[in-house]
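Presented below is the structure to which this report refers.
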Amino acid sequence: MTQSVSARFNALDRDHHLHPFTDFKALGEEGCRVITAAQGVYIEDADGHRILDGMAGLWCVNLGYGRQELVDAATEQLQQLPFYNTFFKTTHPPAVELAETLCRLAPAHMNRVFFTGSGSEANDTMLRMVRRYWALKGKPEKQWIIGRENGYHGSTVAGMSLGGMAPMHDQGGPCVPGITHVRQPYWFGEGRDMSRDDFGRACAEAIEAKILELGEERVAAVIAEPVQGAGGAIIPPESYWPAVKAVLAKYDILLVADEVICGFGRLGEWFGSVHYGLEPDLMPVAKGLSSGYLPIGGVLVGDRVAETLIEDGGEFYHGFTYSGHPACAAVALKNLRLMEAEGVVERVRDDVGPYLAERWAELARHPLVGEARSLGLIGALEIVADKASGERFDKSLSAGNLCRDICFETGLVMRSVGDIMVISPPLVITREEIDELVRLAWAALDETARRLVAQGATIHATEEMPA
Ligand code: PXG
């Protein structure tokens with residue numbers, strides 16, 4: 001008897017492949033879905049299921065799947081010059097053109113970029129640049145970086161140290177010294193005893209308190225995602241960023257806006273920093289830079305830091321074999337050009353973003369949903385046992401993972417972060433596809449509610465339960 005494609009790949013996968021952020025043994029026992037093709041906003045598995053990809057791969061396939069122009073850009077560059085480095089007085093057209101285009105699209109005070117292979121490498125690069133900057137300024141004691149609890153900045157040693165995910169810190173440490181974390185602006189999870197705006201200001205005050213505790217003369221930078229992605233699509237209260245800006249204006253401390261998810265149109269502007277008016281000193285980028293077709297990241301560097309590194313720095317002993325890789329850069333360049341030509345960012349801001357906001361908000365009426373929030377094309381649902389109090393289901397029920405698995409079965413990729421359901425669909429998603437996404441999400445919530453009740457859970461909701 002011939003094995004199915006799925007069974008064959010599952011057996012080999014179990015025997016040889018260690019997956020990221022995965023319990024290897026549990027996955028080996030459960031098996032996984034084999035994804036074989038994709039087009040537009042849909043992926044396809046080896047059993048022929050078509051699934052709406054509400055996560056754009058992993059927050060990255062912004063132009064959707066099957067864009068021949070991106071394939072052609074890679075092919076042509078691979079034929080022309082598949083690799084050359086940029087270390088020893090050489091450069092190549094794709095890296096130069098990408099650098100120029102990126103800096104044109106970035107805020108006016110950002111005119112330099114350092115290329116990396118990923119978002120994690122971008123944050124490693126950023127950390128070294130920030131500390132080097134202060135050393136060159138004659139303030140080598142300015143070492144501390146303040147991040148936020150539950151922030152995500154990557155998985156390399158520096159990336160995980162900058163991030164505020166405690167379970168990551170507990171594995172493979174110790175973390176990079178001189179990094180500390182303050183509370184996140186997660187109103188639904190941590191601030192509902194206050195108004196949203198009071199809570200936002202309190203979270204900004206936590207940054208100021210930490211600066212004062214460490215001493216301004218020892219703090220190098222604050223790092224934050226404009227909207228936290230992996231932490232659960234946490235959209236800060238409106239008061240948060242203005243208050244953080246006011247705090248930072250008082251002290252001589254750099255702001256790093258991690259744009260790995262928010263960059264390239266996700267929030268309806270080219271960068272999340274533009275949406276919030278942040279004017280950061282450095283912006284790590286990756287993911288949507290190439291719509292995920294090939295791996296590439298970078299750090300956009302503001303004039304203040306760049307000029308010091310250039311004028312006073314001498315050689316910066318840092319770089320990656322694949323910094324500015326020609327094929328990756330060519331794909332990223334084509335991706336940005338397509339986004340400009342097709343008005344993708346404006347479409348998110350003026351059309352599909354507001355439309356998603358309207359449709360997504362309807363999910364707040366579902367008995368399981370404590371809050372439905374969105375901004376641009378990022379959205380989240382808070383799954384709760386009690387709508388009024390926001391009380392969660394017992395952890396043992398893994399309500400979020402249950403909902404995610406049901407979504408997959410019914411034809412939708414939605415990511416779970418604990419009991420937060422998250423979406424971040426391709427930016428090219430249409431209104432009709434958003435309708436389908438919301439319909440599938442509602443159906444999955446219904447089925448999740450049924451299975452939770454079957455497992456003995458009680459749901460307290462004012463709305464009627466699904467039949
Ligand atoms: N910064 C941010 C804000 C990110 O979201 C990184 C840095 C690291 O990028 P690389 O390319 O090194 O992965 C990220 C990555 C999830 C998930 O499950 C999120 C990310 C990566 C993997 C999984 O939500 N974000």
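The values are calculated or read from the model by the stated rules, or taken from the named source; none is laboratory data. These figures come from a predicted structure and were not determined experimentally. Cβ: placed from backbone, ideal geometry, glycine included. Neighbour counts: every protein chain shown. In case anyone asks, the SASA skips ligands and DNA or RNA and just uses the protein heavy atoms, side chains included. Shrake-Rupley method; radii C 1.70, N 1.55, O 1.52, S 1.80 Å.
Observations on the structure shown:
- Dipole axis of the chain (+1 Lys, Arg; -1 Asp, Glu on Cβ), positive-most option in 191, 443, 86: 86
- Carbon plus sulfur fraction of accessible area for the stretch 69-342, probe 1.4 Å, in percent: 53 percent
- Exposed-site-free run, longest, the chain (rule: GluC sites (Glu not before Pro); DSSP loop; at most 13 other C-beta within 10 Å): 1-140
- Label-to-label distance, residue 137 versus residue 171, with points set 7 angstrom from Cα along the beta-carbon direction: 3.6 nm.
- Among beta bridges from DSSP that stay inside the chain, the antiparallel ones total about 70%.
- Accessible surface ranking for 152, 133, 1.4 angstrom probe, highest first: 152, 133.
- Relative to its Kirkwood radius, the Cα radius of gyration of the stretch 1-106 gives an Rg/Rh of 1.10.
- Environment charge at residue 308 (Cβ cut-off 9 Å; Lys +1, Arg +1, Asp -1, Glu -1): 0
- The mean accessible area for residues of the chain, using a 1.4 Å probe and ignoring ligands and nucleic acids, is 43 Å² per residue.
- The stretch 423-442 and the stretch 273-311: distance between their alpha carbon centers, rounded to Å: 29 Å
- Ranked order, 318, 49 - accessible area, probe 1.4 Å, largest first: 49, 318
- The count of lysine pairs in the chain with alpha-carbon distances below 27 Å, taking only pairs 8 or more places apart or on different chains, stands at 17.
- Each pair of Cα atoms in the stretch 207-302 enters the Kirkwood radius, and Stokes-Einstein at 4 °C and 1.567 mPa s then converts it into a translational diffusion coefficient of 92 µm²/s.
- Rounded to whole Å, sorted largest first: equivalent-ellipsoid semi-axes of the stretch 81-183, Cα gyration tensor: 29, 17, 14
- Counting DSSP beta bridges with both ends in the stretch 69-342, the antiparallel % (nearest 5): 50 percent
- Stokes-Einstein diffusion coefficient of the stretch 123-266, Kirkwood radius over Cα pairs, 20 °C, 1.002 mPa s, in µm²/s: 139 µm²/s
- Residue-count net charge about residue 122 - beta-carbon cut-off 12 Å; Lys, Arg +1, Asp, Glu -1: -2
- Most positive-pole-ward Cα, 330, 179, 19, against dipole of the chain from beta carbon charges: 179
- The stretch 117-163: C-alpha pair distances exceeding 17 Å, %: 36 percent
- Calculated from backbone phi, Karplus (6.51, -1.76, 1.60) coupling profile of the stretch 374-382 in Hz, x at Gly/Pro: 7, 8, x, 10, 10, x, 8, 10, 9
- Net charge contributed by nearby residues that have their C-beta within less than 15 Å of residue 399 (K/R +1, D/E -1): -2
- Based on C-alpha pairs under 8 angstrom that are at least 6 apart in sequence, the chain has a relative contact order of 19 percent.
- Rounded to the nearest 500, the 222 nm mean residue ellipticity of the chain from helices alone is -12500 deg cm²/dmol, with -39,500 (n - 2.57) taken per DSSP H run of at least 4 residues.
- In terms of overall dimensions, the stretch 69-342 has a Cα radius of gyration and Dmax of 18.5, 60 angstrom.
- Once the chain from residue 26 to residue 436 is taken as fully extended at 0.36 nm per residue, the excess over their C-alpha distance is 144.4 nm.
- Overall form of the chain per C-alpha gyration tensor (a/c, 1.5; a/b vs b/c): oblate
- Spin-label model distance (nm) - residue 69 vs residue 15, 7 Å beyond Cα toward Cβ: 4.4 nm
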